[in-house]
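Take a look at the structure set out below.
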Amino acid sequence: MTPLHTRGGTPGPDGLPERLPPGRRVGEWEVVEQIGTGGWSTVYAARPAPGHGRSGSAARSPAAAEVALKIMPTAGLAPLQARRIAESAHREVELGRRAGHPRLIGLLDSFALSAPDHPPLDGALVLVMERAAGSLRELLDAGAAGADRDRIAAGICEGLAHLHRAGWVHADLKPENVLLGGDGSVKLSDFGLATELTGTHGYAPPLGTLDYLPPERRRAPLGELGIQVRASADIWALGIVLHELFASGAAPFPGATPIARSAAAQEYGAGRAPLRLDPTVPPFWRAIVADCLSPTHASRAPHTAESLLARIAARSDGPAAPRRTLRRGTRAALLAAALCGTGAALSADTTGSGPGAPADTVRVFNAERGCQERTDHDRHCSLGLAIDPHRPYTAENVVRTRVWHGDLLTADCRVDDGQPIVDEEDLRSTRWFRVRLSHASVPPEAWLPAVRTRDSPALPACRPPAAR
């Protein structure tokens with residue numbers, strides 16, 4: 001997280017946040033080394049302190065033997081700065097608690113540090129998080145030789161799609177905030193500027209990183225609640241990140257400094273300069289980047305993270321797609337995160353097309369307006385069905401059956417306490433309908449989230465499996 005105009009934290013002799021030495025105890029953890037620093041925080045690798053067990057959620061995590069501590073000092077700060085740091089920590093905790101996903105860095109614990117013997121740390125806010133092997137920025141700085149760029153790009157899109165479905169905007173997406181695991185995993189991190197959407201937008205502090213802010217952000221007025229932020233701002237940042245990934249770190253806008261590059265982006269956004277992408281970006285990703293970098297919010301809004309992820313999944317699994325090396329789990333996860341079945345075209349039990357639906361049926365509704373007008377069953381507009389409504393949309397929890405806007409599905413019961421799902425119109429529900437698939441489908445039944453229909457059938461509650 002990088003402020004535009006100010007630096008926070010408790011300064012050391014060089015003006016940067018004070019660096020903790022290896023072996024320094026922070027709560028129940030022992031510092032191993034510093035692994036990152038920002039305007040308001042410093043991140044350390046840490047391990048459990050000798051002689052002390054772990055508590056809270058960290059104690060239940062098998063990965064908690066090696067963690068990252070994000071330390072945000074508040075001592076000596078002006079009240080406004082201290083409040084911003086507290087708000088930032090609160091956002092990260094809330095997002096970690098409510099929107100966990102394999103493509104988001106896991107939050108294991110949080111606490112306020114009591115260190116009366118060391119005043120600069122007394123009252124510091126500490127987040128205990130999963131530790132990654134490195135960041136995308138480090139990979140780019142090293143040349144990214146041999147990196148599976150397609151897989152990394154897909155992982156970033158998957159994390160962003162989940163974040164937006166859960167009703168959040170990252171608001172500071174950049175290579176430093178894309179973490180890479182030793183097992184090849186990709187996780188988004190640093191949600192200190194993340195904002196929860198209320199309707200079509202949310203509000204965030206007037207902070208961010210110049211290279212990744214969309215043109216309209218620089219002109220946005222500062223209101224009492226902050227700067228208005230929408231999901232399309234993340235899509236712009238995604239375009240910059242993907243361009244850097246496939247162009248070996250090169251930015252899409254010219255300039256020797258962030259201010260110069262931001263000015264070039266402003267010229268492009270105002271229609272006074274063309275978009276010139278690096279020729280080394282492969283054609284498929286070049287088209288994705290160009291859509292992400294549409295110059296205005298209105299032109300960018302149709303290119304949601306889910307629709308982009310569906311395009312990536314279609315390229316991965318379509319019959320004419322070139323052969324690529326993608327781990328099986330990654331490929332399946334793309335299908336799940338996009339809520340699109342892009343595998344074999346099995347059939348749901350779909351009948352009827354009139355505006356009304358019988359009491360034991362539900363009509364599929366796709367909130368994306370472009371998909372409502374299509375009649376050709378375009379794969380980008382297909383929606384997925386879950387195997388179990390109480391489990392997250394992961395690779396193992398999506399059937400291969402595809403459904404489209406207007407399909408009529410036979411439904412026999414409902415659950416009201418399933419996984420919460422948020423659609424493109426920000427409608428949220430935990431209700432799911434069990435639908436019957438055709439006799440040739442395996443499994444013969446699946447689950448449709450209530451936000452994917454506008455029908456409200458009077459269905460009974462589903463009996464638990466043991467009671468059937």
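Observations on the structure shown:
- Residue that is farther than 21 Å from residue 405 by Cβ and either surrounded by 18 or more Cβ atoms within 10 Å (Cβ to Cβ) or modelled with pLDDT of 90 or more (or both), where the choices are 339, 309, 275: 275
- Filter pass, residue 171 being free of Cβ contacts under 8 Å to residues at least 12 places away in the same chain, in the same structural domain as residue 311 (by TED's automatic domain parsing) and either closer than 15 Å to residue 237 by Cα or assigned to a loop (DSSP other than H, G, I, E, B) (or both): no
- The set of residues in the stretch 190-201 that are crowded, with 24+ Cβ neighbours inside 10 Å and either under 9 Å from the mean Cα position of the chain (by Cα) or in a strand (DSSP E or B) (or both) contains only 195.
- Single condition residue 64 does not satisfy, out of (1) buried (at least 21 other Cβ atoms within 10 Å of the Cβ); (2) at pLDDT 70 or above: (2)
- Complete set of residues in the stretch 292-306 that are part of a helix (DSSP H, G or I), crowded, with 22+ Cβ neighbours inside 10 Å and of a type in the set (A, V, I, L, M, F, W, C): 292, 305
- Every residue from the stretch 85-114 that is among the aliphatic types (A, V, I, L, M) and crowded, with 18+ Cβ neighbours inside 10 Å: 85, 89, 95, 99, 104, 105, 107, 108, 113
- Matching residues in the stretch 358-413 - criterion: being touching a Pro at 6+ places or on another chain (Cβ under 8 Å), aliphatic (A, V, I, L, M), at pLDDT 75 or above and farther than 21 Å from residue 428 by Cα: 399
- The one condition in (1) in contact (Cβ under 8 Å) with a residue 12 or more places away in the chain; (2) part of a helix (DSSP H, G or I) that residue 260 fails to fulfil: (1)
- Per this entry, residue 163 is counted among residues that are of a type outside the set (Asp, Glu) and buried (at least 19 other Cβ atoms within 10 Å of the Cβ).
- Number of positions in the stretch 83-103 that are of a type in the set (A, V, I, L, M) and closer than 22 Å to residue 186 by Cβ: 2
- Contact annotation: residue pairs with Cβ atoms under 6 Å, 6 or more positions apart or on different chains, pairing a residue in the stretch 186-198 that is in contact (Cβ under 8 Å) with a residue 40 or more places away in the chain with a partner that is of a type in the set (D, E, K, R) and buried (at least 24 other Cβ atoms within 10 Å of the Cβ), are 191/92; 192/92; 193/172.
- Evaluating residue 246 against the criteria (1) aromatic (Phe, Trp, Tyr); (2) under 21 Å from residue 155 (Cβ atoms); (3) in contact with a strand residue (DSSP E or B) (Cβ under 8 Å, 6 or more places away or on another chain) leaves one unmet condition, (3).
- Filtered by the rule that a residue be more than 30 Å from residue 429 (Cβ to Cβ) and β-branched (Val, Ile, Thr), the stretch 117-171 gives 126, 128, 152.
- Residue in the stretch 139-150 that is at pLDDT 80 or above, touching an Asp or Glu at 6+ places or on another chain (Cβ under 9 Å) and either in a loop (DSSP other than H, G, I, E, B) or under 19 Å from residue 188 (Cβ atoms) (or both) present: yes
- Close pairs from the stretch 209-235: first hydroxyl-bearing (Ser, Thr, Tyr), partner assigned to a helix (DSSP H, G or I) and modelled with pLDDT of 75 or more, Cβ under 7 Å, at least 6 apart: 212/237; 212/240; 232/297; 232/300
- Of all the numbered requirements in (1) modelled with pLDDT under 85; (2) charged (D, E, K, R); (3) closer than 14 Å to residue 131 by Cβ, residue 97 misses one, and that requirement is (3).
- Criterion violated by residue 281 - all others in (1) at pLDDT below 95; (2) in a helix (DSSP H, G or I) satisfied: (2)
- Any hit, the stretch 37-44, residues being under 16 Å from residue 85 (Cβ atoms), assigned to a strand (DSSP E or B), in contact with a Ser or Thr (Cβ under 9 Å, 6 or more places away or on another chain) and modelled with pLDDT of 85 or more: yes
- Conditions (1) surrounded by 13 or more Cβ atoms within 10 Å (Cβ to Cβ); (2) out of contact with any helix residue (DSSP H, G or I) (no Cβ under 8 Å at 6 or more places or on another chain); (3) not in a helix (DSSP H, G or I); number of the one not met by residue 267: (3)
The values are calculated or read from the model by the stated rules, or taken from the named source; none is laboratory data. Note that this is a predicted model, so its numbers are computed, not measured. Cβ sites come from the backbone with ideal geometry, for glycine too, and all protein chains shown count toward neighbours.
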